[in-house]
Each structure stands twice: as structure tokens, then as C-alpha cells.
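Below: the structure, in C-alpha cells.
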Amino acid sequence: MTQSLPTMGLPITVDPCGDTITIGVSVEIPPPWAEQLQGARERFGDPLARAIPTHLTLLPPTSLPLPALADVLLHLDGVARELTGFELVLAGTDTFRPVSPVVFVRVQEGGSACDRLQRAVRTGPLERDLTFPFHPHVTVAHHLDDDALDRAGKELADFAAGFDVDAFVLYEHGADAVWRPRRRFRFGSS
């Protein structure tokens, strides 16, 4: 079921009961690096490679009552107005193993700006505790066997990218388990 919020024009998919949605907020990794990392994630055998756009998570999956979305959009507009863009440099790989079966591309520069941004996002209507402390990263392999995780770490060890971050994105988790960008929030604007 798709429904538009008044004055927001944001298409959303609601659950069968029609009262909640699941969102996430992330820094979008731009082309050509997004495609490179998504292709690598597919090669490593990650079944979620095409369901999850290449990103750096600011707010993990969060279920909301549908009426709260309007306040969330206003909140994120305010965050975007108050903060400024920054440079993000990605370089090399690391892992969260043995705590979590994840291999990721490291944030070499821009980590403190990502931390400020995620802290601002996780206030007001999006205030929530995190399961793990915030550690900015871009996942490239998740829930795979050790051989695939090792291969991901080695194949992307020399990966490097640098770009300006001028916005962050609200994603919606669809009924088909695909994450889709729904609204971009540019810094310094509403």
C-alpha cells in the first residue's frame, strides 16, 4: 500500500496494518564508488548486495508509527540546516569480527563529521540507543562464511575514494526487503 503524506509528497510503503514504517538515515556513497563496492559485495556472495545501496549508516533501521514521519522529516530538515558538508575519505578494509561477521571499508577522514551528524540525527523524534557504539564505515560483506569475509578484506584492501558529502538520505525499507532512498537532505537548506 502506498500513501503520500500531506505537503511532504513522500511516497511510503506501510505495513499490512497500515500504521508503521521502517526507515534508516545514511550518507550515500556516490558513483563510481557505490557501484564498485556494490559489485564487489555481489562477487563475495552477499545476498543483500542489491537490496542495500552502498552507504554509511547514521541511523540504523528504525520502525516508526506512520504519524511520526512528518515530525521526523521536519527534524531532519533542521539537522540539514544546522550542519555543513564535509569531505569523506575511504581507504582500506577492516572487520568487526569476532563480534560481528562484517568486513567494511574504513573511513580515513571525515569520521568526526560523521559522528556529529549521526548524533544530531539521533535526537528528537529519532532519539534511540545504539546496539553497538557508532563506528563510521561502509559494509562490503556481511553474514558470509570466513573465507568470503577474508576474500573481501583482501580484495578491497587497496580501495580508496574521496568525495564531498553535501547531503544525507532518508531510506525506507520496503515490503520486498529493499532499501530505497526517499528524501535527500542537503546541508544548509530545508
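The values are calculated or read from the model by the stated rules, or taken from the named source; none is laboratory data. Computed from a predicted model, the values in this text were never measured in an experiment. Counting neighbours? That spans all protein chains shown, and the Cβs are built from the backbone with ideal geometry, glycine included. Side chains are part of the model used for accessible areas, which takes the heavy atoms of the whole protein and leaves out ligands, DNA and RNA. Shrake-Rupley method; radii C 1.70, N 1.55, O 1.52, S 1.80 Å.
Expressed as a fraction of 2.2 N^0.38 Å, the C-alpha radius of gyration for the stretch 99-190 is 1.27.
Got a number for carbon plus sulfur as a percent of the chain's accessible area, 1.4 Å probe? Of the solvent-accessible surface of the chain, carbon and sulfur hold 52 percent. Per-residue surface analysis assigns R43 an accessible area of about 130 Å², computed on protein heavy atoms at 1.4 Å probe radius.
Here the calculated FRET efficiency for D129 and R50, from their Cβ-Cβ distance with R0 = 41 Å, stands at 0.85, rounded to the nearest 0.05.
Summed over the residues of the stretch 87-187 and divided among them, the accessible surface reaches 53 Å² per residue at a probe radius of 1.4 Å.
Close amide H pairs (under 5 Å, H built 1.01 Å from N) link R106 with A91, G92, T93, D94, residues at least 5 positions away or on another chain. Protection proxy ranking, highest mean first, for peptides 119-132, 69-82: 69-82, 119-132, where packing is the per-residue count of other beta-carbon atoms within 10 Å, averaged. Remark: C-alpha extents of the chain on the principal axes read 48, 37, 30 Å, sorted largest to smallest. Converting phi to 3J(HN,Hα) with the Karplus coefficients 6.51, -1.76 and 1.60 and the offset θ = phi - 60°, the stretch 121-127 yields 4, 7, 10, x, x, 10, 5 Hz in sequence order, with x at every glycine or proline. Within the chain, which is the longest segment that contains none of the chymotrypsin sites (Phe, Trp or Tyr not before Pro) sitting in a DSSP loop with at most 16 other Cβ atoms within 10 Å? For chymotrypsin sites (Phe, Trp or Tyr not before Pro) (loop position, at most 16 other Cβ atoms within 10 Å), the longest site-free span of the chain is 1-95.
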